[in-house]
Amino acid sequence: MKEYFVFIGKHTIRMLLLVFFVSAAAFTLVSVSPIDPLQANVGQAAMGSMSQEQIAKLQAYWGVGEPPLHRFFSWAGDFFRGDMGVSLLYRQPVSRVIGVKLVNSLWLMAIAWLLSGMIGFVLGILAGLKEGSFVDRLVKGYSLLIASTPAFWLALVLLMIFAVWLKVLPIGLSVPIGVETGAVTVMDRIRHAILPAATLSITGIANITLHTREKMIEIMESDYVLFARARGESTWSIVKNHALRNVALPAMTLQFASISEIFGGSVLVEQTFSYPGLGQAAVTAGLGSDVPLLLGITVISALFVFGGNLIANILYGVIDPRIRRGGART
Amino acid sequence: MRRINGRMMTAALLGAAVLFLFVITVAGHMYAEEALVTDFSRKDLSPGGAYIFGTDWLGRDMFIRTLTGLSMSIQIGILAACVSSVLALILGVLAATMGKTADALITWVIDLVMGIPHILLLILISYAFGKGFKGVVVGVALTHWTSLARVIRGEVLQLKEALYIRAAQKLGMSQLKIAWKHMLPHLFPQFLVGLILTFPHAILHEASITFLGFGLPPEQPAIGIILSESMKYLAMGRWWLALFPGLLLVFTVVLFDVAGESLRKLLDPGSTHK
């Protein structure tokens, strides 16, 4: 048991280091950009009308002329203390902007993550049960097609069908236009989240389905399943007693590792539906040269991705005793 | 009638894929000028007749626009696939042969790159290059090597234990010569499959990042831009602006995915008997 805690500790430290290096990499990328943050954010005209002292003050605020390493550590230090800087586009602390947007996005991503995980798992098992059957070919074809479809285009197609053509769902945003914040009902929120969540779920299913299917085929060809059949076990009992546990393990790891993809998908989907979440904020920040916000979102998303990987690793240890004893899985 | 076997199927698919690329690229170059032509006498036509993909609000022929856009995506995709897979080959081999420190370093970099959601990474790189065309190309080219590098690293690690490699070492061949003469030929199939499968990914990401508004100027016909423009006109019922360009993109990606997968299956010794 002691080794297991060492194992978890090692992975946690590794994750924190990785997050640190991600932020350093992101900081380097925005630092080498030829886009001058002062000009991009204050504007050429405003800068012309400002006094020399004001410009100097702003330059000091932006750290113009300071060595990059120094700037990075002062930014990272503040970040660690919870001060992520002030978003230039929203004129609010980055932490508050991210907080609001994250709640909106988490809804979407959590639903999509759960739905795609469960549906994909079941579809994968059904398909892998009998390789080459009608169900298998159907599921496989669907997965391959969806894996090749860009999320934003799928979003456009769903919009065309449900919002424009059938007119049953709203076109975008997370709340109705022209309604006070207090008057927005839960039903409204749900109605506005249906299409984005559906798009994300549909695209998320492909990966887990294909993976579960492969595993399932492998298991159905194994000796222990052959023996179970010889004993006269029914298909259902084979699935329940022999296959499920063996398939669930890798599927779970995959699902936790797929957080990065759901995040990426949510950027595209939120942009298409003008859904005010973290992904849309990232695009706005990138286009509008809002460096503090862009960096903040990068670090937060990296935390989620690595956190997912960490959970996958820990779960692996919980379920599979071999890994608990045998140290790190590479 | 006998069923077509996997080998013939793969050859046919690969042939079709390459031919498709070639035709689109040539057509894209031929119609590059025409794609920008506006003509208000024929605006907002729905598909059919002379304009099989319809025309947009400026009277531009959507079929030609889609072709040119796709041909540009394809060129960026080919470049990205080549750069990324060569990078993956080099880093994968280095990680597996140059000792523990190099291995740890390269694995670390792979984890790092994979830790940032891909689209976000592309946004960051695009920003680093000043949000231009260059940023998109560099971003797409430099970010697709991670998973292939992992595969190649694993393959080389296994290879190192193989008898013939050990024998070559005992015979006193230099590391470099072993890598070149004995390992590379063995890695080539994996590399080729990786190259082909990277291509559709790169195209999808290029379309995504331009869709978000990074990189290309708005008058440029690119699949991403065409689709993001079409959003404004969806509510007016001009479905063809979004439907056909997207379908063609999906078709391209599926074609390469299927071709790559079937090649992988063909080269995989575990499934040769099928």
Item checked: Residue tally, condition under 19 Å from A:Leu17 (Cβ atoms), part of a helix (DSSP H, G or I) and within 8 Å of another protein chain (Cβ to nearest Cβ), over the range B:109-120 -> 4
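Residue by residue, here is whether (1) outside any helix (DSSP H, G or I); (2) of a type outside the set (Val, Ile, Thr) holds:
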position	(1), (2)
B:Leu187	no, yes
B:Leu192	no, yes
B:Ile196	no, no
B:Glu206	no, yes
B:Gly213	yes, yes
B:Leu216	yes, yes
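Are any of the residues in the range B:121-139 surrounded by fewer than 18 Cβ atoms within 10 Å (Cβ to Cβ) and assigned to a helix (DSSP H, G or I)?
Start the filter on the range B:121-139 by keeping residues that are surrounded by fewer than 18 Cβ atoms within 10 Å (Cβ to Cβ), which leaves B:130, B:132, B:134.
Filter once more, so that each one left must be assigned to a helix (DSSP H, G or I): B:134.
Yes; the residues of the range B:121-139 include at least one that is surrounded by fewer than 18 Cβ atoms within 10 Å (Cβ to Cβ) and assigned to a helix (DSSP H, G or I).
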Check: Of the residues B:Val37, B:Val18, which single one is at pLDDT 80 or above and exposed (fewer than 15 other Cβ atoms within 10 Å of the Cβ)?
Finding: B:Val18
Checklist line | Residue count for the range A:264-304, restricted to those that are outside the structural domain of A:Phe152 (by TED's automatic domain parsing) and of a type in the set (Phe, Trp, Tyr) | finding: 1
Note to self: Looking for something crowded, with 20+ Cβ neighbours inside 10 Å, away from every other protein chain (no Cβ under 14 Å) and of a type outside the set (Ser, Thr, Tyr) - is there at least one such residue anywhere in the range B:200-223?
What the structure shows: yes
Check: Can you name the number of the only condition in (1) within 14 Å of another protein chain (Cβ to nearest Cβ); (2) more than 24 Å from A:Leu315 (Cβ to Cβ) that A:Gly264 fails?
Finding: (2)
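With a cut-off of at least 3 residues that are out of contact with any strand residue (DSSP E or B) (no Cβ under 8 Å at 6 or more places or on another chain) and at pLDDT 85 or above, name the helices (runs of 4 or more DSSP H) lying wholly within the range A:50-150.
In the range A:50-150, A:94-129, A:134-147 are the helices (runs of 4 or more DSSP H) which contain 3 or more residues that are out of contact with any strand residue (DSSP E or B) (no Cβ under 8 Å at 6 or more places or on another chain) and at pLDDT 85 or above.
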Check: Failed condition for B:Leu204, given (1) of a type in the set (A, V, I, L, M, F, W, C); (2) at pLDDT 85 or above; (3) more than 16 Å from B:Gly77 (Cβ to Cβ), with all others met?
Finding: (3)
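Considering only the range B:165-211, how many residues are farther than 30 Å from B:Leu122 by Cβ and among the small types (Gly, Ala, Ser)?
Taking the range B:165-211 as the starting set, the residues that turn out to be farther than 30 Å from B:Leu122 by Cβ are B:165-186.
Subset that is among the small types (Gly, Ala, Ser): B:167-168, B:172, B:174, B:179.
Of the residues in the range B:165-211, 5 are farther than 30 Å from B:Leu122 by Cβ and among the small types (Gly, Ala, Ser).
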Notebook entry, point to check: Would you call B:Lys265 away from chain A (no Cβ under 11 Å), within 25 Å of A:Gly286 (Cα to Cα) and among the basic types (Lys, Arg)?
Noted result: no
Margin query: What pairs come out if I take residues in the range B:92-105 that are in contact (Cβ under 8 Å) with a residue 12 or more places away in the chain and pair them with residues that are aromatic (Phe, Trp, Tyr) and surrounded by 11 or more Cβ atoms within 10 Å (Cβ to Cβ) whose C-beta lies under 6 Å away, six or more apart or interchain?
Written below: none
Checklist line | Unmet criterion (only one of (1) free of Cβ contacts under 8 Å to residues at least 60 places away in the same chain; (2) within 21 Å of A:Asn207 (Cα to Cα); (3) within 14 Å of chain B (Cβ to nearest Cβ)) for A:Leu126 | finding: (3)
Margin query: Regarding the range B:179-196, can at least one residue be identified that is within 14 Å of another protein chain (Cβ to nearest Cβ) and either more than 29 Å from B:Ser230 (Cα to Cα) or crowded, with 24+ Cβ neighbours inside 10 Å (or both)?
Written below: yes
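Just wondering, is there one or more residues in the range A:205-220 that are at positive phi and at pLDDT 85 or above? Steps first, answer last, please.
Taking the range A:205-220 and keeping what is at positive phi, we get none.
No: the range A:205-220 contains no residue that is at positive phi and at pLDDT 85 or above.
Would you check if B:Ile106 is touching a Leu at 6+ places or on another chain (Cβ under 8 Å), facing chain A (nearest Cβ under 10 Å) and part of a helix (DSSP H, G or I)?
Details: touching a Leu at 6+ places or on another chain (Cβ under 8 Å): yes; facing chain A (nearest Cβ under 10 Å): no; part of a helix (DSSP H, G or I): yes.
Criteria not met by B:Ile106.
The values are calculated or read from the model by the stated rules, or taken from the named source; none is laboratory data. In this text the structure is predicted, and so the values were computed from the model without any measurement. Counting neighbours? That spans all protein chains shown, and the Cβs are built from the backbone with ideal geometry, glycine included.
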